[in-house]
Amino acid sequence: MSAARGALAGQVAIVTGAGRGIGHAVALALARESASVVLASRTRQELAAAAATIRESGGTALAIPTDVTQDGAVEAMVEQSVAELGRVDILVTAAGVASFGPVVGTKPSDWDALLAVNLRAVMVSCRAVLPAMIRQRRGTIINIASVAAQRAIPGAAVYTATKAGVVGFSRVLAEELRADHVRVGVLVPGAVDTPLWDSIGNPPDRSRMLRPGDVARAAVLMASLPPGASLEELTLLPAGGIL
């Protein structure tokens, strides 16, 4: 987003969940490193505002309203990105939802949104960018998981299952794509102060959480490493130790 040539100049990045929270911070951070950024989420007004911020700072942004739970919408978003910007070098899957409570107090249908957004949409988004990245013999996929995948947090069983699934999927995908020079990493943050907590009753102390910009800096690090190096799993925790 500055006039100086950044570490990601000439690269095109797609960020899901780019309207708010971690995705918004990642999109702006990638733009500051001179990537052309495709912003994808369901929130049209927030997307437009984020794209305007990037353009006003001299960057390139393409806002594509996308429901990541719809396979066709994800595929169309990637096709439009390649058609308008010529390539896709980076994918960051930051779209996510959360709800918490003991398993005994939920119905299986209550789990569907978490499974659809947090796990299945990540898998579909990754698959959608693979033809372009394999053709280029270059690409970096960064999937946003959660420290819940590593720690047993009561009340977070279904959320944990989705994030642990992202970690496992990312590990295998990294091996499958190694010969194609496509890197796959998973970013595992602790609690982050985002709007996700607005609807959660009695959340932990948000002032002690990570900020979205902290996660964005880690994502930029993963995306900007030289081609011969790959950060495949990065755990980022608040210094105070919360979650």
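The values are calculated or read from the model by the stated rules, or taken from the named source; none is laboratory data. As the structure is a prediction and not an experimental result, all values here were calculated from the model. Using ideal geometry, Cβ is built from the backbone for each residue, glycine included, and neighbour counts are taken over all protein chains shown. Heads up: the accessible areas ignore ligands, DNA and RNA and are worked out on the full protein's heavy atoms, side chains in. Shrake-Rupley method; radii C 1.70, N 1.55, O 1.52, S 1.80 Å.
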**Among Ala13, Ala94, Ala132: highest mean-square fluctuation, GNM of the chain, C-alpha pairs under 10 Å** = Ala132
**Prompt:** Considering only protein heavy atoms and a 1.4 Å probe, what is the carbon-and-sulfur percentage of the accessible area of the chain?
**Reply:** 54
**Message:** Let me spell out the model: positive unit charges on the Cβ of Lys and Arg, negative unit charges on the Cβ of Asp and Glu, origin at the Cα centre of the chain. What dipole size does that give, in debye rounded to 20?
**Reply:** 320
**Request:** Write down the accessible area per residue of region 147-243 in Å², having rolled a 1.4 Å probe over the full set of protein chains.
**Result:** 48
**Prompt:** So which residue, out of Ala116, Ala229, Ala149, gets the largest mean-square fluctuation from a GNM of the chain using Cα contacts under 10 Å as springs?
**Reply:** Ala229
**Message:** Under 10 Å, Cα contacts only: if you run a Gaussian network model on the chain, which one of Ala63, Ala156, Ala179 comes out with the highest mean-square fluctuation?
**Reply:** Ala179
**Mean accessible surface per residue for region 1-120, computed with a 1.4 Å probe while every protein chain stays in place, in Å²** = 45
**Message:** Quick check: the distance between the Cα centres of region 150-216 and region 81-114, to the nearest angstrom?
**Reply:** 11
**Asked** Tell me, what HN-Hα J-couplings in whole Hz come from the Karplus equation 6.51 cos²θ - 1.76 cosθ + 1.60 at θ = phi - 60° for each residue of region 179-186, using x for Gly and Pro?
**Response** 5, 8, 6, 10, 8, 10, x, 10
**Message:** With +1 on the Cβ of every Lys and Arg and -1 on the Cβ of every Asp and Glu, and nothing else charged, how large is the dipole of region 198-243 about its Cα centre, in debye rounded to the nearest 20?
**Reply:** 160
**Asked** If you take the beta carbon distance between Asp205 and Ala7 as r and set R0 to 45 Å, what does 1/(1 + (r/R0)^6) give as a FRET efficiency, to the nearest 0.05?
**Response** 0.85
